[in-house]
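The values are calculated or read from the model by the stated rules, or taken from the named source; none is laboratory data. Predicted, not measured: the structure shown is a model, and the values here were computed from it. Counting neighbours? That spans all protein chains shown, and the Cβs are built from the backbone with ideal geometry, glycine included. Quick note on the areas: whole protein, heavy atoms, side chains included, nothing else; ligands and nucleic acids left out. Shrake-Rupley method; radii C 1.70, N 1.55, O 1.52, S 1.80 Å.
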Amino acid sequence: MAAASREKELERERLKETVRLRLQELDVGDKFSHLPLRKASVLLPLTIRAGKLHLLLTVRSMQLRRSPGEVCFPGGKSEAADKDEIDTALREAQEEVGLEPEKVEVICRLVPGIDKMNHLVTPVVGFIEHTFQATPNPDEVSDVFVVPLEYFIEPLNHKTLPYKSSSGSLGWMHCFMYEDQEHKRSYKIWGLTAHFAVFLALVIFGKRPTFEVDYDLDNLISSAEKNFMNLYASLSERKKSNL
């Protein structure tokens, strides 16, 4: 048993190292931190279970005013005491699911998004232990679950929905339905949460998904940055026209 356990640990470390190297190449750091938008961050917690990469997700409490019952990553708005986007993501994850900051191996920051409230939302990717047991804060989180990362490029149930972005432009939004056998529940994952999950899966697996995406898959990071800056520019234009 001990030998088998050691072999599994070695396999996990090999997979982690592959992912680390891939993600560190695409770390945007504080490249977008100067933009004059209110800041928020989410943690994309990667964990390895049964030899495969999984993402930990939460369900927002029904008591919350904004987006009650929706699936999201641990995260929230920046506070004055936060040093940077990483600090925000780690603090929020501890508050929401009891994940201690020192138990997260932060890997990188990826291209941000803009949410419905016009916050600049930075996704922070980090590894957490496969043994982590969440302790959800009931005021903020009603449920915690994991999804195989590969589901976000090879889903069983996916559709695209038309939507109007915060800048007023029309686009398409990913929507996944995930049947969780462990919880015997179905989860709807969409919006910015799905956007970040898809991008992370594309980055790590480097293969074409089974559905259309708005990226040049041969120049993933540059096309993601271009898409984001186009969104930001159209938001800025809309703000000017409303003055």
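Here are the numbers for this structure:
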read-out	value
Cleavage-rule hits (trypsin sites (Lys or Arg not before Pro)) in segment 89-159: DSSP loop, at most 14 neighbouring Cβ within 10 angstrom	Lys116
Mean residue ellipticity (222 nm) of the chain, computed from DSSP H runs ≥ 4 via -39,500 (n - 2.57), nearest 500	-10500 deg cm²/dmol
Surface accessible to a 1.4 Å probe, per residue, for the residues of the chain, Å²	53 Å²
Positive-end extreme of charge dipole, segment 1-142 - chosen from Ser78, Pro68, Gln94 (charges on Cβ)	Pro68
Accessible area of the chain belonging to carbon and sulfur atoms, whole % at 1.4 Å probe	51 percent
Loop-resident sites, segment 80-142, for GluC sites (Glu not before Pro), counting at most 14 other Cβ within 10 Å (DSSP)	Glu129
Among Pro45, Leu26, Ser5 the positive-end extreme of the charge dipole of segment 1-54 (Cβ point charges)	Pro45
Helical segments meeting 15 Å axial Cα length and Kyte-Doolittle -1.0 threshold in the chain (DSSP H)	85-97, 191-205, 220-242
Charged-residue dipole, Cβ positions (Lys, Arg, Asp, Glu), the chain about Cα centre, Debye nearest 20	700 debye
Correct choice for volume of the Cα convex hull per residue in Å³ that was computed from the model, options (i) 121; (ii) 154; (iii) 137	(iii)
Point-charge dipole on Cβ atoms (K/R +1, D/E -1) for segment 1-63, about Cα centre, debye to 20	260 debye
For segment 146-207, size of Cβ-based charge dipole, Lys and Arg +1, Asp and Glu -1, in debye	240 debye
